[in-house]
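Encoded as structure tokens, the structure appears first; notes follow it.
The values are calculated or read from the model by the stated rules, or taken from the named source; none is laboratory data. What you see is a predicted model; the values in this text were computed from it and never measured. Here Cβ is always computed from backbone atoms with ideal geometry, including for glycine, and neighbour counts include all displayed protein chains.
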Amino acid sequence: MSAMTTPEYLISNAEKYANENAISWKGASGNWVNMTWSEFCGTAMGVSKSLLALDFQIDDKLSIYSYNRMEWYAAYAAANMCNGAAVGVYHTCSPEEVDWVVGNSDSKVVFVGHNPMDGGDSQKMCSNRLLSVLDDLHKVEVAVVLDGVEMIDHPKAMSWSDFMSKGAGMPDSAVTDRIASIKPSNTAALIYTSGTTGNPKGVVLTHDNFEFEIWSVQQVTRYNQGDGYVSWLPCAHVFGQLADNHIWIRDAMHMRVVDNPLHSIDYCQEVQPHLFIGVPRIYEKVYSNLMAKLGSKLKLLAIPVLGGIIKKKARAAIGFSNTKYAITGAAPINPDILTLFHKLGIPLYEGYGMTETTAGATLNYDGNNRIGSVGKPMVGTELRIGDANENGEGEIQFNGRHVMAGYYRDPEATAETMTMDGWLKSGDLGRIDNDGYVYI
């Protein structure tokens with residue numbers, strides 16, 4: 001496993017791939033805006049310096065209340081570069097939810113951006129929702145309003161440009177010293193996950209949790225510098241956070257950020273990414289469109305030459321020409337969708353995990369794929385069935401270095417979700433077949 005942290009990989013990328021594109025998004029004109037690794041690292045360093053100038057200490061927290069955008073990734077990277085933790089807040093969160101997540105996490109700084117789903121309704125805008133609870137967030141010292149977002153009238157509020165100017169006199173060494181202080185056990189992120197009752201709980205994920213999870217994923221699939229990735233899953237979600245804020249940097253991929261989650265497949269058609277992460281509802285839409293377009297041509301897929309042409313056109317039409325690995329998770333998927341994708345030569349696989357396992361814990365992959373299952377335990381993951389009945393069905397339980405450090409400021413909930421011998425209880429019923437495949 002790597003001895004480097006994600007912040008160290010970012011600095012390395014800025015040196016090795018200085019002029020290669022790191023992240024792109026579409027500007028107001030609809031044209032791509034590109035940022036190189038050198039430029040992105042410089043921005044993340046700038047955010048880090050401003051945080052340090054505002055007395056951001058080791059293990060301090062910052063919240064990011066916005067949909068995915070360049071500043072989201074820069075703020076997250078900066079939190080880690082300062083040996084602090086980032087807290088994602090869904091762009092759709094209500095004022096009450098924002099109040100809970102930002103407040104419960106003890107965030108000192110909050111970055112507020114946009115909600116592409118607000119439909120122009122001022123009451124759904126992130127800035128207005130934050131403003132309505134900002135007086136109650138006593139530990140928040142600064143609220144940074146990102147570019148393109150209407151400035152809020154509050155003494156704690158500060159524009160992005162004003163914030164970035166705070167660290168102008170801070171030397172690079174102040175940031176690199178913080179990076180050097182990172183220990184595996186330091187918290188990298190708090191990810192809030194809803195339970196069946198009560199307020200969301202903050203899952204504490206350490207640098208070691210992410211390091212181990214990334215290493216496990218790399219035993220299944222790896223990417224080359226410059227390989228394409230489309231970011232659409234909200235970064236407040238563990239799945240998006242793992243890929244968008246860690247794997248993207250570790251493998252020096254070229255990430256394109258969608259302007260709206262509803263446009264994810266449109267972006268895929270344009271970008272043809274090498275990695276795509278989705279949930280069943282996305283693939284269901286693609287499947288419906290494919291079935292409508294292919295129709296009677298489905299019968300021709302088995303014909304070598306003609307079938308090859310049809311498959312190639314179908315992959316390009318949905319944006320999966322270059323895909324090395326596509327994954328679905330978070331909910332069950334119709335097996336017919338997986339079957340069709342594989343007939344078309346699209347490597348779509350089902351996996352399973354939890355926020356508490358730093359995303360994936362089981363995966364299907366090339367050579368180890370059984371449709372209907374959620375795959376085998378990832379390398380380094382221990383999985384068992386607790387209190388199994390006569391059919392071998394019981395609660396799925398996990399053990400491994402990717403299991404969370406606990407719930408933030410909630411030792412009782414942490415104790416309740418762990419067994420007496422230290423295994424994580426998933427709360428999901430499942431079984432393991434004789435070949436090691438897991439079924440939910």
Val238 vs. criteria of a type in the set (A, V, I, L, M), in contact with a Pro (Cβ under 8 Å, 6 or more places away or on another chain), buried (at least 17 other Cβ atoms within 10 Å of the Cβ) and modelled with pLDDT of 95 or more: no
Single condition Leu62 does not satisfy, out of (1) aliphatic (A, V, I, L, M); (2) over 18 Å from the mean Cα position of the chain (by Cα); (3) crowded, with 24+ Cβ neighbours inside 10 Å: (2)
Hey, Thr339 more than 24 Å from Thr193 (Cβ to Cβ) and of a type in the set (Val, Ile, Thr) or not: yes
Test: Asp118 is more than 20 Å from Ala86 (Cα to Cα), within 23 Å of the chain's Cα centre (by Cα) and either in a loop (DSSP other than H, G, I, E, B) or aromatic (Phe, Trp, Tyr) (or both): yes
From Trp100, Trp25, residue being at pLDDT 95 or above, under 17 Å from Ile191 (Cα atoms) and surrounded by fewer than 24 Cβ atoms within 10 Å (Cβ to Cβ): Trp100
Qualifying positions in region 241-261 - part of a helix (DSSP H, G or I) and in contact with a Pro (Cβ under 8 Å, 6 or more places away or on another chain): Pro261
Qualifying residue in region 50-67 (condition: assigned by TED's automatic domain parsing to the domain that holds Asp177, touching a Pro at 6+ places or on another chain (Cβ under 8 Å) and either touching a residue at least 12 places away in the same chain (Cβ under 8 Å) or farther than 27 Å from Ser127 by Cβ (or both)): yes
Qualifying positions in region 28-60 - in contact with a strand residue (DSSP E or B) (Cβ under 9 Å, 6 or more places away or on another chain) and either over 16 Å from Trp160 (Cβ atoms) or of a type in the set (Phe, Trp, Tyr) (or both): Trp32, Asn34, Thr36, Trp37, Ser38, Phe40, Cys41, Asp55, Phe56, Gln57, Asp59, Asp60
Selected residue [among the aliphatic types (A, V, I, L, M), within 18 Å of Gln57 (Cβ to Cβ) and in contact (Cβ under 8 Å) with a residue 40 or more places away in the chain] from Val142, Val112: Val142
First in region 225-238 and part of a loop (DSSP other than H, G, I, E, B), second anywhere and buried (at least 20 other Cβ atoms within 10 Å of the Cβ) and of a type in the set (Asp, Glu), Cβ under 6 Å, 6 or more apart: Cys235/Asp244
Qualifying residue in region 310-323 (condition: exposed (fewer than 14 other Cβ atoms within 10 Å of the Cβ) and farther than 28 Å from Gly27 by Cα): yes
